[in-house]
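The values are calculated or read from the model by the stated rules, or taken from the named source; none is laboratory data. Everything numeric in this text was worked out from a predicted model, so none of it was measured. Note: ideal-geometry Cβ built from the backbone for every residue, glycine included; neighbour counts use all protein chains shown. Note: accessible area is taken over every heavy atom of the protein model, side chains too, but ligands, DNA and RNA are not part of it. Shrake-Rupley method; radii C 1.70, N 1.55, O 1.52, S 1.80 Å.
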Amino acid sequence: DALLTRIEGVDGKTGAYVTVCPELAEKQAAAAQERLDDGESGALLGVPGGIKDNICTSGATTTCSSKMLEHFTPPYDATVVEKLGAAGAVTLGKLNMDEFAMGGSTETSYFKKTANPWDLTRVPGGSSGGAAVAVAAGEAPFALGSDTGGSIRQPAAFCGVVGLKPTYGAVSRYGLVAFASSLDQIGPITRNVEDTAVVLDAICGRDAHDSTSADYAHPSYTATLGKGIKGMKIALPKEYLGDGLAPSVKHAILAAAKELEKLGAVCEEVSLPATEYAVPAYYLISSAEASSNLARYDGVKYGFAADGCKTLAQLVTRTRDEGFGREVKRRIILGTYALSAGYYDAYYKKALQVRRIIKNGFDSVFADYDLILGPTAPTTAYKLGEKSGDPLSMYLGDIYTVPVNIAGLPALSINCGYDEDGLPIGMQLIGPAFGEPALLQAAYAYE
Ligand code: GLN
């Protein structure tokens, strides 16, 4: 009730939610209360949270912030939603995002803009902007986001909260509306590291419904949190501190490295020379996969269908013309081009080769180091509208987050200070595959 009141009070200003679900929440809360009365306990039992609107919920529409899915209610729950339900969590509602998770500012949502609670004239980051804002503005104690190239970590950085992109395969993608299947992962956004561990404990693990989910032994992430970081070796790639990085962000990252050293870690400079190729490789691979994944929106199977069409070709063409926004169309065209005969070798195949080189670069650093430290984003939150007309400058802002998805690694963003305007700065810790325990331990010690 308190959270629903809070949402009613502030969401008109922040715009975090696409849909608020008071009836669903009350029903789930009553069920959780019964379990509590029966003597059950659990870290998430009765705890409300919000869900990014590209994660399927059978009890509420799942729009991907697109006109294409405006009225779409999935016939099933995503595995993560099912798992949260089993843990007794309560769904407050569905959170705003860039259309089909394509963007870094939540401005490509078909429905509305979301504002950064630290300064309502600024973007919250994206694409999980609604999720980060809900947590930062006290409209949800936790949220689930998705991260294909930074969409959990960058909005977490812009809003001063914690966001974790798990290792590829650590969390089931079943019921996550696909953007780029080889890069997408679901993860938590929370106010502190312990809450991230609690949510990860609840949602992780192998799922027979997702053949890319991994069968791996994971410790209780909450139980190993307090181990400390004495003797941990942390690498600082010099390419993450170079041109284009705002001085205030660089300063905060170097100060955080000093802080980690005080806590017993050893920080050293390393090199990840393929970093400059990560953004082009990411936009080729993610757009290629998106062009294939989004082929399913044809006006026949589900979602929006254009009116008054006389032929099937007309139905498909007009549905996609009217149902998708500009950024989504841009990605589909880019991806289709990169996969076309004659261009495939020059673009898509080349991008896959770069992908391998980036992965090898990380592997060689992790042969000697436990974690990598750097900024989450080159700047703090910018003004609403400042970059929305300039996709290239928006894409370049993904430089520090996309290499992680390309290599399938886990990474976490946590606040490490404020810039001269009082806006939060995020630092990113990157771990080796399935290195979430060390990642969470370091972030917990730092916090
Ligand atoms: N900003 C990146 C993009 O626009 C990342 C998006 C994401 O992680 N979903 O593709």
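Annotations
- Selection from segment 93-110 of residues that are farther than 18 Å from residue 74 by Cβ and among the hydrophobic types (A, V, I, L, M, F, W, C): 102
- Qualifying residues in segment 116-126 (those that are open to solvent by less than 10 Å² (accessible area, probe 1.4 Å) and in contact (Cβ under 8 Å) with a residue 40 or more places away in the chain) - the one farthest from the ligand (Cβ to nearest atom): 116
Residues are listed down the side, and each one gets a yes or a no for (1) farther than 15 Å from residue 162 by Cα; (2) surrounded by fewer than 23 Cβ atoms within 10 Å (Cβ to Cβ); (3) out of contact with any Phe, Trp or Tyr (no Cβ under 8 Å at 6 or more places or on another chain); (4) not aliphatic (A, V, I, L, M):
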{"site": "187", "(1), (2), (3), (4)": "no, no, yes, yes"}
{"site": "193", "(1), (2), (3), (4)": "no, no, no, no"}
{"site": "199", "(1), (2), (3), (4)": "no, no, no, no"}
{"site": "210", "(1), (2), (3), (4)": "yes, yes, no, yes"}
{"site": "215", "(1), (2), (3), (4)": "yes, yes, yes, yes"}
{"site": "224", "(1), (2), (3), (4)": "yes, yes, yes, yes"}
{"site": "228", "(1), (2), (3), (4)": "yes, yes, yes, yes"}
{"site": "233", "(1), (2), (3), (4)": "yes, yes, no, yes"}
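- Which numbered condition residue 248 misses (of (1) within 26 Å of residue 367 (Cα to Cα); (2) polar (S, T, N, Q); (3) surrounded by 15 or more Cβ atoms within 10 Å (Cβ to Cβ)): (1)
- In segment 10-54, the residues that are among the polar types (S, T, N, Q) and not in a helix (DSSP H, G or I): 19, 41, 54
- Only one of the listed residues (313, 338, 346, 306) is hydrophobic (A, V, I, L, M, F, W, C) and within 16 Å of the ligand (Cβ to nearest atom). That residue is 338.
- Conditions (1) of a type in the set (A, V, I, L, M); (2) closer than 20 Å to residue 125 by Cβ; (3) open to solvent by 30 Å² or more (accessible area, probe 1.4 Å); (4) more than 16 Å from the ligand (Cβ to nearest atom); number of the one not met by residue 427: (3)
- Check on residue 259, within 16 Å of the ligand (Cβ to nearest atom) and among the acidic types (Asp, Glu): no
- Residue among 328, 354 that is closer than 27 Å to residue 408 by Cα, open to solvent by less than 80 Å² (accessible area, probe 1.4 Å), under 25 Å from the mean Cα position of the chain (by Cα) and more than 14 Å from the ligand (Cβ to nearest atom): 354
- Taking the numbered list (1) outside any loop (DSSP other than H, G, I, E, B); (2) in contact with a Pro (Cβ under 8 Å, 6 or more places away or on another chain) in turn, residue 409 passes all entries but (1).
- Within segment 372-402, restricting attention to residues that are out of contact with any helix residue (DSSP H, G or I) (no Cβ under 7 Å at 6 or more places or on another chain) and part of a helix (DSSP H, G or I), the residue that is nearest to the ligand (Cβ to nearest atom) is 394.
- Residue satisfying condition, being over 19 Å from the mean Cα position of the chain (by Cα), among the basic types (Lys, Arg) and closer than 16 Å to residue 81 by Cα, within set 27, 67, 52: 27
- Helices (runs of 4 or more DSSP H) completely within segment 115-215 that count 3 or more residues being more than 25 Å from residue 332 (Cβ to Cβ) and among the charged types (D, E, K, R): 193-203
- Residues of segment 305-320 classified as buried (at least 16 other Cβ atoms within 10 Å of the Cβ) and touching a helix residue (DSSP H, G or I) at 6+ places or on another chain (Cβ under 9 Å), total: 4
- Residue 60 passes every criterion in (1) in contact with a Lys or Arg (Cβ under 8 Å, 6 or more places away or on another chain); (2) free of Cβ contacts under 8 Å to residues at least 24 places away in the same chain apart from (2).
- Scanning segment 351-373 for residues that are in contact (Cβ under 8 Å) with a residue 40 or more places away in the chain, under 17 Å from residue 284 (Cα atoms) and not small (Gly, Ala, Ser) turns up 352, 354, 355, 357, 358, 359.
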